[in-house]
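The values are calculated or read from the model by the stated rules, or taken from the named source; none is laboratory data. Computed from a prediction, not measured in an experiment: that's the story for all the values here. Note that each Cβ is placed from the backbone with ideal geometry, even for glycine, and that neighbours are counted across all protein chains shown. These accessible areas exclude ligands, DNA and RNA; they are computed on the full protein's heavy atoms, side chains included. Shrake-Rupley method; radii C 1.70, N 1.55, O 1.52, S 1.80 Å.
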Amino acid sequence: MTTKYTYKEIWLIAYPILISLVMEQLIGMTDTAFLGRVGEIELGASAIAGVYYLAIFMLAFGFSIGAQIMIARRNGEQEYKAIGSIFYQGIYFLLAMAVIMFTLSLCFSPQILKTIISSPHIYDASSSYLHWRVFGFFFSFVGVMFRAFFVGSTQTKTLTLNSIVMVLSNVLFNYILIFGKFGFPQLGIAGAAIGSSLAEMVSVIFFIIYTWKRIDCKKYALNVLPKFHWETLKRILNVSVWTMLQNFISLSTWFLFFLFVEHLGERALAITNIIRNVSGIPFMIMMAFASTCGSLVSNLIGAGETKCVPDTIRQHIRIAYVCVLPLLVFFAVFPNLILSIYTDIPDLRAASVPALWVLCSAYLVMVPATVYFQAVSGTGNTRSALGLELCVLAVYVAYITYMILYLRVDVAVCWTTEHVYAICMLILSHWYIKKGNWQKKRI
């Protein structure tokens, strides 16, 4: 192999990202586990509202991915002072975006949800959740820039500590507000939204204090708060605008999947929300190595080591399989044990088992597909990555429309959409890395 990094070095960079992403996934698991004990309507509504929120959040996350690619490139070139400017211009932009998205969501989300949701009970619960959840934009949008800094500069251990603080805060806030403990009112699904937003606020406070106390701010020019600089922001947007569109469109089509399933009934939607949350743990493990791969690819190109990129990608696929496959086998062999975390309704658990098995089989293709796609983004050719994503999503939307709306298949069959998406993505991303002209991309 032609590679610059050993498996141990990849693991040392990836495992803090892995732990942080898994811990962040526990936030969604906490919401689902608590709401699964409130009722099926609340469980289904949190799926619709949660993915709706996530689709908007992905605009900010997509911007941070572009900023992360630039930070990693400057880090590879050892131009550390330039990182601070990228970081602060990103903060300014995302705070302005948070104000805009918060205002638009409060004004238009109820009308949008009423148009697209068929069940009045699901609509009422979703509206209640989103009314409070959108306050989290101000904190989550800032938090992704801190994540971009720590991943791009390969100082990923901080993410672990932050995620632990965030999850513990979310569990505490949710327990108090959903069930009305310690003298607080019992808020149900609204309590889950408030708890998650408060947890994101705690996360940002932790990032600020940790960076101020433990990071060499002078090295990265973080000790000086710069003025708004359009040229720097423009360079970030040249990379980020494509990842913003890619992430938003990707999550919007996933939101479409949940809307289609909602038309199959409240039980089908509740099952889909449970499977979404079960999927979260292997998905975040996979994304940790894919994100590490994207960052290291950018660092390798910045250091002039483009010949190492293909084998570095394959290294990440192998180590991701080693971590994900045992977990999938455990899920498949003991489905009731896993599903009991999310609901105490026996027939709902039993109805969810076939969909869980379908999901587990999808990861055999999703792992290499995701790693290769993040590598494409890591080359800096985010416009090409968007093009690949659009091609795949066109097939995805056609498939879910035919299978769910036209054939009205069982919810387990609905989840074969993950196989279709992953197969198409793997073919196109592998072809691009092998044939594309990405070696000389400047950002």
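Being polar (S, T, N, Q), open to solvent by 40 Å² or more (accessible area, probe 1.4 Å) and within 18 Å of SER295 (Cα to Cα): is that true of GLN68 here?
no
Results for (1) surrounded by fewer than 21 Cβ atoms within 10 Å (Cβ to Cβ); (2) small (Gly, Ala, Ser); (3) more than 21 Å from the chain's Cα centre (by Cα), shown as yes or no for each residue.
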position: VAL329; (1), (2), (3): yes, no, yes
position: ASN336; (1), (2), (3): yes, no, yes
position: ALA355; (1), (2), (3): no, yes, yes
position: TYR363; (1), (2), (3): no, no, no
position: THR379; (1), (2), (3): no, no, no
position: CYS391; (1), (2), (3): yes, no, no
position: TYR396; (1), (2), (3): no, no, no
**OP:** Starting from region 120-149, take each residue that is under 19 Å from THR160 (Cβ atoms) and list its partners that are aromatic (Phe, Trp, Tyr), counting only C-beta distances under 7 angstrom and pairs at least six apart or across chains.
**Re:** SER140/PHE57; GLY143/PHE207; VAL144/PHE61; MET145/PHE87; PHE146/PHE207; PHE149/PHE87
**OP:** Look through region 161-192, keep the residues that are of a type in the set (Gly, Ala, Ser) and in contact (Cβ under 8 Å) with a residue 60 or more places away in the chain, and return whichever of them is surrounded by the most Cβ atoms within 10 Å (Cβ to Cβ).
**Re:** ALA192
Subject >> Spans of helices (runs of 4 or more DSSP H) in region 360-443 with at least 2 residues within 20 Å of PHE260 (Cβ to Cβ) and of a type in the set (Phe, Trp, Tyr) >> reply: 382-400
**OP:** From the list VAL99, VAL142, pick out the single residue that is closer than 19 Å to PHE248 by Cα, hydrophobic (A, V, I, L, M, F, W, C), surrounded by 20 or more Cβ atoms within 10 Å (Cβ to Cβ) and modelled with pLDDT of 90 or more.
**Re:** VAL142
Original post:
Which of the residues that make up region 199-230 are in contact with a Ser or Thr (Cβ under 7 Å, 6 or more places away or on another chain) and either closer than 30 Å to ARG37 by Cα or not in a loop (DSSP other than H, G, I, E, B) (or both)?
Top reply: ALA199, GLU200, VAL202, TYR210
Subject >> Hey, LEU94 of a type in the set (A, V, I, L, M) and open to solvent by 30 Å² or more (accessible area, probe 1.4 Å) or not >> reply: no
Subject >> Single match in ILE83, ILE112, ILE56 (criterion: open to solvent by less than 20 Å² (accessible area, probe 1.4 Å), in a helix (DSSP H, G or I) and closer than 19 Å to LEU251 by Cα) >> reply: ILE56
Original post:
Taking only pairs six or more apart or across chains, which ones have beta-carbon atoms under 8 Å, a first residue in region 399-414 that is free of Cβ contacts under 8 Å to residues at least 60 places away in the same chain, and a second residue that is open to solvent by less than 70 Å² (accessible area, probe 1.4 Å) and among the hydroxyl-bearing types (Ser, Thr, Tyr)?
Top reply: TYR399/THR417; MET403/THR416; MET403/THR417
**OP:** Determine whether LEU327 is in a helix (DSSP H, G or I), under 30 Å from GLU79 (Cα atoms), touching a residue at least 24 places away in the same chain (Cβ under 8 Å) and not aromatic (Phe, Trp, Tyr).
**Re:** no
Subject >> Output for region 257-274, where each listed residue is under 18 Å from LEU359 (Cβ atoms) and either in a helix (DSSP H, G or I) or of a type in the set (Ser, Thr, Tyr) (or both) >> reply: PHE257, PHE258, PHE260, VAL261, ARG267, ALA268, LEU269, ALA270, ILE271, THR272, ASN273, ILE274
**OP:** Could you please find all residues in region 1-31 being hydroxyl-bearing (Ser, Thr, Tyr) and at pLDDT 70 or above?
**Re:** TYR5, THR6, TYR7, TYR15, THR30
Original post:
Which residue out of LEU325, LEU300 is open to solvent by 40 Å² or more (accessible area, probe 1.4 Å) and more than 16 Å from LYS434 (Cα to Cα)?
Top reply: LEU325
**OP:** Would you confirm whether any residue within region 149-156 is part of a loop (DSSP other than H, G, I, E, B), in contact with a Phe, Trp or Tyr (Cβ under 7 Å, 6 or more places away or on another chain) and more than 20 Å from ASP216 (Cα to Cα)?
**Re:** no
Original post:
Which one of the conditions (1) closer than 20 Å to GLY280 by Cβ; (2) open to solvent by less than 80 Å² (accessible area, probe 1.4 Å) does ASP344 fail to meet, given that it meets all the rest?
Top reply: (2)
Subject >> THR158 under 17 Å from ALA67 (Cβ atoms), at pLDDT below 90 and open to solvent by 50 Å² or more (accessible area, probe 1.4 Å) >> reply: no
Original post:
Which condition breaks for MET97 when tested against (1) closer than 23 Å to TRP212 by Cβ; (2) in contact with a Phe, Trp or Tyr (Cβ under 7 Å, 6 or more places away or on another chain)?
Top reply: (1)
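Within the bounds of region 30-46, is there any residue that is of a type in the set (Phe, Trp, Tyr), surrounded by 18 or more Cβ atoms within 10 Å (Cβ to Cβ) and under 30 Å from THR232 (Cα atoms)?
No: zero hits.
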**OP:** Could you please find all residues in region 145-155 being of a type in the set (Gly, Ala, Ser) and crowded, with 24+ Cβ neighbours inside 10 Å?
**Re:** ALA148, GLY152
Subject >> Sole residue being closer than 19 Å to PHE61 by Cα and without any contact (Cβ under 8 Å) to a residue 40 or more places away in the chain, chosen from LYS234, LYS213, LYS218, LYS227 >> reply: LYS234
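Return yes or no: is ILE285 closer than 17 Å to TYR372 by Cβ, touching a residue at least 40 places away in the same chain (Cβ under 8 Å), under 20 Å from the mean Cα position of the chain (by Cα) and open to solvent by 10 Å² or more (accessible area, probe 1.4 Å)?
When the stated conditions are applied, ILE285 passes them.
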